[in-house]
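Okay, so here's the structure we're looking at.
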């Protein structure tokens, strides 16, 4: 696909069976859900996809399924963050070879290279790929924070680096700084962090946002309202979604998967990633939150 990326690029979660194995049927349903919801693009396997718990073979299979199931209807951006340049490049070449429309990566998330190492990492990807590259700038401990000046140099020097997903704190101000530093060399900066700052980011010039896919239908309506200049409607949708966003900020993947499970899209909320599980009180609170968000799907 040659069109510029713009809009809500949903990060597709990774469904697992109760035995912990990859649930390919549920992954296909998740892709179809995103397509039917009007997502402008698909991304993964990224942080919200529990990428660090997947083997390289599973990541290749994940990308194959998502590319195949999307059928070229919208761009698919394959996330290839790895512990070193060599496996990241291997994943990226595979994704490009099977039809992914772009690549996204953080710098090696175990080594945490310095500025020269970050530049070299994206230089290697740019040299060996023909599809657009999106640099993911994320705070530690998973991310390797990069300055606006470094991102500007990467974008200006490396021909395939065309997009940036900026997620460093404070994200809205960082986005303004990165847009200023990259100039016309960057085709667009996208927001992250589940879209929690999207109302502050849109007037700064983002071209889109990459939230998890569990509420992509609502996020698309929010984005379309912003694009139409209807800020009041966008703010109303955001305010209605905010209690769920707050819950997500505490529990992350557990909430994404529980919502997708309750919406009948995945067969099990099983996850591999460590972290806080939802207890009975959290589940009861989620019940109350979802009861108040039902109207958002009808707006």
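FYI, it's all coordinate maths here, none of it is from the lab. Computed from a predicted structure; not experimentally measured. Methodologically, a virtual Cβ is constructed for each residue, glycine included, from the backbone with ideal geometry; neighbour enumeration extends over all protein chains shown.
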### Task
Only bridges with both residues in the chain count here: give the DSSP antiparallel percent, nearest 5.
5 percent
### Query
Please state the Cα pair-distance histogram of region 227-299 with 10 angstrom bins from zero: what percent is in each bin?
18, 46, 26, 9, 0
#### Entry: Inter-site label distance for residue 239 and residue 28 at 7 Å from Cα along Cβ, in nm
4.3 nm
### Query
Counting alpha carbon pairs within less than 8 Å and at least 6 residues apart, what relative contact order, in whole percent, applies to region 1-142?
20 percent
### Task
Specify the residue with the greatest mean-square fluctuation among 278, 42, 27, computed from a Gaussian network of the chain linking alpha-carbon atoms under 10 Å apart.
278
### Query
Rounded to the nearest 500 deg cm²/dmol, what is the calculated helix-only ellipticity per residue at 222 nm for the chain, with -39500 (n - 2.57) per DSSP H run of length n ≥ 4?
-14500 deg cm²/dmol
### Task
Could you list the square roots of 5 times each eigenvalue of the Cα gyration tensor of region 1-109, that is, the equivalent ellipsoid semi-axes, sorted largest first and rounded to whole Å?
20, 18, 12
### Label-to-label distance, nm, for residues given as residue 276 and residue 84 (7 Å Cα→Cβ offset)
3.7 nm
### Summary
Packing-ranked peptide list from 231-244, 194-207, highest mean Cβ count within 10 angstrom first, is 194-207, 231-244
### Task
Could you calculate the contour length gain from residue 4 to residue 19, that is, 0.36 nm times the residue separation minus the distance between their Cα atoms, to one decimal place in nm?
1.4 nm
### Query
So for the chain, Kirkwood radius off the Cα pairs, Stokes-Einstein at 25 °C and 0.890 mPa s: how many µm² s⁻¹?
128 µm²/s
